[in-house]
1. Within the stretch 35-72, count every residue that is in contact with a Lys or Arg (Cβ under 6 Å, 6 or more places away or on another chain) and more than 30 Å from HIS234 (Cβ to Cβ).
2. LEU314 passes all but one of (1) modelled with pLDDT under 80; (2) under 17 Å from ALA237 (Cα atoms); which number fails?
3. Considering each residue of the stretch 274-295, count those that are more than 24 Å from the chain's Cα centre (by Cα) and outside any helix (DSSP H, G or I), and give that number.
4. Is it the case that GLU225 is farther than 30 Å from THR170 by Cβ, surrounded by fewer than 20 Cβ atoms within 10 Å (Cβ to Cβ) and either at pLDDT 95 or above or not assigned by TED's automatic domain parsing to the domain that holds GLN166 (or both)?
5. Just to check your reading of the model, which residue among ARG157, ARG176 is under 20 Å from ASN118 (Cα atoms) and surrounded by 15 or more Cβ atoms within 10 Å (Cβ to Cβ)?
6. For the stretch 54-160, which strands (runs of 3 or more DSSP E) that fit wholly inside it have 1 or more residues that are in contact with a Gly (Cβ under 7 Å, 6 or more places away or on another chain) and of a type in the set (Val, Ile, Thr)?
7. Please state which one of SER127, SER184, SER132, SER163 is among the polar types (S, T, N, Q), closer than 19 Å to ASN106 by Cβ and at pLDDT 95 or above.
Amino acid sequence: MKLYFNLLTLFFTVAFYSCSNKTVNQSFHLPKVSAIDEKEEVFLQKKILINEMMDASKILHQISWPILIENKDICNNKDSYSLGILFATEKDLPERDSAFFRLLFNENINTYYLKKFNAMSFPIVISVAKNSPAYKAKLNENDVILEINEQNVSNFRKKLKESLAQSSITHFTILRNDKIIKKSIQGIKACNYNVQAIPAPSPNAFADGEKVFVTLAAIKLARTEDELAFLIGHELAHNIYHYNYKKGSEANSLAINYLDMPKLKNLNSFFLFSTQSKETEADLKGVEIAFKAGYALENVNDYWRRLSVFNPSLISSSS
C-alpha cells in the first residue's frame, strides 16, 4: 500500500502543478488526495494490471496447448485430464481485490443468478485453446460458469481439480447472453504443467517443477509465437527432465493472479540452474519440444539475442 500511496502522491502532485500558474515557493506542500480519488486510482491501476495478465495468459494458453498435447509421451505429469480451458475466479485475486473481480468480470450478471445458484461470484472462461475438447464442445470465451458437475462454484478450482483427476467428463452449467446452457466436455491426456504469465520488468522465464512462468516483458519482447514456443519448451524441458514433483492439473492454471510466482520446492531446486550442462540440455530438448508441436524455429536465435540486451553478462557464454 505504501508503494501505491507514493505513486498516487506523485500522480496528483504532477496533475496539481501542471494545472497551476502559481510560482512554487521554498515551502513545498503536497496537495491533499481524497480517499475517494485514491481508491479510484488504485482501481484503475489494478484494472490495467489484471487486463494485462489476462491478455498475456491468453497468448501463452494458445501457444502452450499444442506443446502440452504433442509432448505427453515424454511427460510423466499426465495423470489427470485436460479440457483446454483457462478460467478466472474471484479467489485467484487477493481478498482485498474481490470487488475488482466482480466489477471487471461479473458486473453485468443479474443478481437473480447469484441467488439461484447460491454464489457470491461466478468463474468466467478466459481462453479456449484451439482444437481442444472445450473448443470442440463449443465453449466460448466470456462464458460464465454457474455450476460444475451440478454443484455450486464455491471452491471452484478444488472441484475442477477433483473432477479432472477422477473422470474424463466434466459437466458445466454456463450463462451466455442471458441463456443457461449445459455443456459436457470429454477431457484428454496431456502434460499437466501450467504455463502462466508473471508481472516483471525483465524478459525471462522460470520453471519450478509444477509450472512454467513467463514474464510480461518476455511476452512483449517476442515478435512471433514461435519465439515464445521455444521459451516455453526450454522451461518445460527443465520440468520434465530436471524435476520430479507433485502431480499437476489444468485446474491450477491461474490467468489473472499477479502474485503467483515460482516456488522453491527443496534445496536441490536452489542449485538446479548452477550447472551449464542442464541449461544446455534444456536448450536442446526445448527445441525438440516446440518443433514437435509444429512451431517453426528457424529464427528463434534472434529472440535469444534480443534477450541478451537485458542480460549482457551472459553474452560471452551464450553460444
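The values are calculated or read from the model by the stated rules, or taken from the named source; none is laboratory data. Treat the numbers as computed from the prediction; the structure is a model and nothing was measured. A quick note on method: Cβ atoms are made from the backbone with ideal geometry, for glycine too, and the neighbour counts reach across all protein chains shown.
1. The qualifying residues number 0.
2. (2)
3. Total satisfying the criteria: 1.
4. no
5. Result of the check over ARG157, ARG176: ARG157.
6. Values: elements: 85-88, 124-128, 144-148.
In the stretch 54-160, 124-128 are the strands (runs of 3 or more DSSP E) which contain 1 or more residues that are in contact with a Gly (Cβ under 7 Å, 6 or more places away or on another chain) and of a type in the set (Val, Ile, Thr).
7. Selected residue: SER127, the only one of SER127, SER184, SER132, SER163 that is among the polar types (S, T, N, Q), closer than 19 Å to ASN106 by Cβ and at pLDDT 95 or above.
To keep it simple, each residue is scored yes or no on (1) under 17 Å from LEU86 (Cβ atoms); (2) small (Gly, Ala, Ser); (3) out of contact with any Leu (no Cβ under 8 Å at 6 or more places or on another chain).
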position	(1), (2), (3)
ILE169	no, no, yes
TYR193	yes, no, no
ALA205	no, yes, no
GLU227	no, no, yes
PHE230	no, no, no
